[in-house]
Amino acid sequence: MEELVTKREGDVLIVHLKGRLDVHLSLEIEYAVNELIDNGDINLLFDLEKVVYLSSSGLRIFIAAMRKLKDLKGQLKLANLTSSVKKIFKVVELIDLFDIYESVDDALASFSR
Amino acid sequence: MAKFVVLSSTENVRLIGEKIEVLCLEQSMPPNIREDVVIAVDEAVTNIMIHSYNGREDGEIEITCRCGSGELELQLEDSGTSFTMPRLEGLVERKRSNALTRGGYGLILMHKFMDDVSFFWNSEKEKNILVMKKRFRV
């Protein structure tokens, strides 16, 4: 799946997403992220630099992962949100529920180990 | 006035967004307002595809756009299952008490990004009809 590429940094899995996260693509990505968590990755960092569009279907990827990781005592962080992606999180009042960072490096440094 | 009909396949969400964006551009709508309208329409057609047509990909969605005096009106019609649209106040309240619920964010975005959203079942046409309006300054 070219819209989702992962890279490991210690015990953190960086998930680089790209493209339009609308209903057409999001369900597939949600399944793929679920699989990552089921396979033992509980520290996830989503890099959204190349996400050009986010609808509520795309939001559900992060909500579903967050719910799952909460139960597993894992961590989820988001980095590199464009202004239009950030706007969606703000409008639905989810901005404070997620750990959001300006860069992947900042997000990586914030993981408690 | 512009009118087009698309099938309820999720592949068409992008196409619909692109068409709406062009219409907004033709009206010289500011970029931030254009972005809001595209998202609201995306959420509306996604709801139709998932809830009204229950994932069927051969249902018709008719979209009519009218524009004049700084107002864009979009009317979306479908012949799927009739459903009731929850009120915005209730949705926002529910989200505040349990923020990580999965559904309902699309409706919140539609209401927040558009100035008017109304939804009804037309028993004569046997269609769900959604009307969304956005006022803007050029």
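Computed from the coordinates by the stated procedures, all read-outs in this text should not be read as laboratory data. Just so we're clear, the structure is a prediction, and the values are computed from it rather than from any experiment. Positions of Cβ are generated from backbone atoms using ideal geometry, with glycine treated the same way; all protein chains shown enter the neighbour counts.
What are the residues in the stretch A:99-113 that are surrounded by fewer than 16 Cβ atoms within 10 Å (Cβ to Cβ) and hydroxyl-bearing (S, T, Y), if any?
Passing the criteria: A:S103, A:S110, A:S112.
Criterion first (in a strand (DSSP E or B) and either touching an Asp or Glu at 6+ places or on another chain (Cβ under 9 Å) or among the acidic types (D, E) (or both)) does A:I100 satisfy it?
Details: in a strand (DSSP E or B): yes; either touching an Asp or Glu at 6+ places or on another chain (Cβ under 9 Å) or among the acidic types (D, E) (or both): no.
No.
Please work out which residue is surrounded by the fewest Cβ atoms within 10 Å (Cβ to Cβ), limiting yourself to the stretch B:37-65 and to residues that are charged (D, E, K, R) and more than 10 Å from chain A (Cβ to nearest Cβ). Outline the logic, then answer.
Here is the first cut: in the stretch B:37-65, the residues charged (D, E, K, R) are B:42-43, B:56-58, B:60, B:62.
Now drop any that are not more than 10 Å from chain A (Cβ to nearest Cβ), which leaves B:56-58, B:60, B:62.
Details: B:R56: 12, B:E57: 12, B:D58: 8, B:E60: 15, B:E62: 15.
If we take residues in the stretch B:37-65 being charged (D, E, K, R) and more than 10 Å from chain A (Cβ to nearest Cβ), then B:D58 is surrounded by the fewest Cβ atoms within 10 Å (Cβ to Cβ).
Within the stretch A:87-98, identify whether any single residue is surrounded by 15 or more Cβ atoms within 10 Å (Cβ to Cβ), under 17 Å from A:L17 (Cα atoms) and away from every other protein chain (no Cβ under 11 Å), and answer yes or no.
Looking for residues that are surrounded by 15 or more Cβ atoms within 10 Å (Cβ to Cβ), under 17 Å from A:L17 (Cα atoms) and away from every other protein chain (no Cβ under 11 Å), one finds none in the stretch A:87-98, hence no.
Take B:L25 and decide whether it is aliphatic (A, V, I, L, M), surrounded by fewer than 17 Cβ atoms within 10 Å (Cβ to Cβ), within 14 Å of another protein chain (Cβ to nearest Cβ) and not in a strand (DSSP E or B). Please lay out each step first, then the result.
Working: aliphatic (A, V, I, L, M): yes; surrounded by fewer than 17 Cβ atoms within 10 Å (Cβ to Cβ): yes; within 14 Å of another protein chain (Cβ to nearest Cβ): no; not in a strand (DSSP E or B): yes.
For B:L25, the condition - aliphatic (A, V, I, L, M), surrounded by fewer than 17 Cβ atoms within 10 Å (Cβ to Cβ), within 14 Å of another protein chain (Cβ to nearest Cβ) and not in a strand (DSSP E or B) - is not met.
So which strands (runs of 3 or more DSSP E) stay within the stretch A:1-78 end to end and still have 3 or more residues that are free of Cβ contacts under 8 Å to residues at least 40 places away in the same chain and crowded, with 21+ Cβ neighbours inside 10 Å? Spell out how you get there, then give the answer.
Numbers: elements: A:4-9, A:12-21, A:43-54.
Strands (runs of 3 or more DSSP E) meeting the threshold: A:43-54.
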